[in-house]
C-alpha cells in the first residue's frame, strides 16, 4: 500500500476553516473541530501544519498543568520552552507579533476549564486564531462559560468517512477501483472511522497477494468484513 494522504471532504472543510480564521480580524477567531476518534482530525491538523507556515500544533496531554500548556505553546511558536512562565508568555507574544499564526490544540476535550481559558487569553491578548480540536465532550465544556462560547465563531463537526472517500483511498493507495456496492459495504464496516478503512484496505491487500486476486470483488469484501461482521 502506498503511503499517501487523501484530501477527504472533512479535510477540505478543516483546511478552509483554518484559512478563514487566518484571514479574519474580527476579534472572534476561536473555533472548535469536534468528532469521534478515528475520523482524521489529528491527521488533518498535522497536514495543515506541514503545508502552512502560519499554523502551529500543540497536542494536549493530561499531565500538563496550565503552565505546562503555556510552555508547549511557546515551543510550538518559538521552538523553545523557557522555565519561567512570564518568559514563555513574552516569547509567545513577540513571535506572534512578527507573524500572525493559528494555534491548534488537539485533544482539547481533555482540557480543564483553566486550560481552555488560557487559550482564550492567547486569543484575546495576542489577537491570533485558536482552533480547539477534540471529541464531543469539548462541545459541552465550551458551553459552560459564556466568555468562552461567545468567542467560538464556528464549530465544525468531523463527519463519518464518506463512500467517495473510501473509493478515492482504494484507488490512490492500492490502485484499485471499488464497485459502488462493495464500497458501500466497506463504508458500513468502517462505521465512519477512517482508521478502519485503512485496516480493511491492508487486509484486502494481504488477501489479494495470497490469493492472486486482481480486482475488488464481492468475494474479496466477504473475506475482509468477515472478522468484524457487517
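Looking at the structure I just gave you, is residue 197 touching a helix residue (DSSP H, G or I) at 6+ places or on another chain (Cβ under 6 Å), assigned to a loop (DSSP other than H, G, I, E, B) and outside the structural domain of residue 102 (by TED's automatic domain parsing)?
No, not satisfied.
Here is a list: 45, 37. Which entry is farther than 21 Å from residue 152 by Cβ, in the same structural domain as residue 105 (by TED's automatic domain parsing) and touching a residue at least 60 places away in the same chain (Cβ under 8 Å)?
37
How about the range 38-90: which of its residues are more than 19 Å from the chain's Cα centre (by Cα), in a loop (DSSP other than H, G, I, E, B) and farther than 19 Å from residue 100 by Cβ?
63, 64, 65, 80, 81, 82, 83, 84
Which one is nearest to residue 39 (Cα to Cα), of the residues in the range 127-147 that are touching a residue at least 24 places away in the same chain (Cβ under 8 Å) and surrounded by fewer than 19 Cβ atoms within 10 Å (Cβ to Cβ)?
135
From the list 80, 67, 89, 73, which one is assigned by TED's automatic domain parsing to the domain that holds residue 40 and at pLDDT 95 or above?
Residue meeting the stated conditions: 73.
So, in the range 212-224, of the ones that are in contact with a helix residue (DSSP H, G or I) (Cβ under 8 Å, 6 or more places away or on another chain) and more than 16 Å from residue 169 (Cβ to Cβ), which residue ends up surrounded by the fewest Cβ atoms within 10 Å (Cβ to Cβ)?
Looking at residues that are in contact with a helix residue (DSSP H, G or I) (Cβ under 8 Å, 6 or more places away or on another chain) and more than 16 Å from residue 169 (Cβ to Cβ), I get 214.
So if I check each of 185, 206, which one is outside the structural domain of residue 123 (by TED's automatic domain parsing), buried (at least 16 other Cβ atoms within 10 Å of the Cβ), farther than 20 Å from residue 43 by Cα and more than 25 Å from the chain's Cα centre (by Cα)?
Answer to the selection: 185.
Looking only at the range 115-158, filter to residues that are under 17 Å from residue 69 (Cα atoms) and part of a loop (DSSP other than H, G, I, E, B); which one of those is farthest from the chain's Cα centre (by Cα)?
Looking at the filtered set, the residue picked out is 128.
Can you tell me how many residues in the range 48-94 are in contact with a helix residue (DSSP H, G or I) (Cβ under 6 Å, 6 or more places away or on another chain) and free of Cβ contacts under 8 Å to residues at least 12 places away in the same chain?
Residues that pass the stated criteria total 2.
For residue 150, only one of the following conditions fails: (1) under 30 Å from residue 98 (Cβ atoms); (2) touching a helix residue (DSSP H, G or I) at 6+ places or on another chain (Cβ under 9 Å); (3) surrounded by fewer than 16 Cβ atoms within 10 Å (Cβ to Cβ). What is its number?
(2)
The values are calculated or read from the model by the stated rules, or taken from the named source; none is laboratory data. Just so we're clear, the structure is a prediction, and the values are computed from it rather than from any experiment. Glycine gets a Cβ as well: all are built from the backbone with ideal geometry, and neighbour counts include every protein chain shown.
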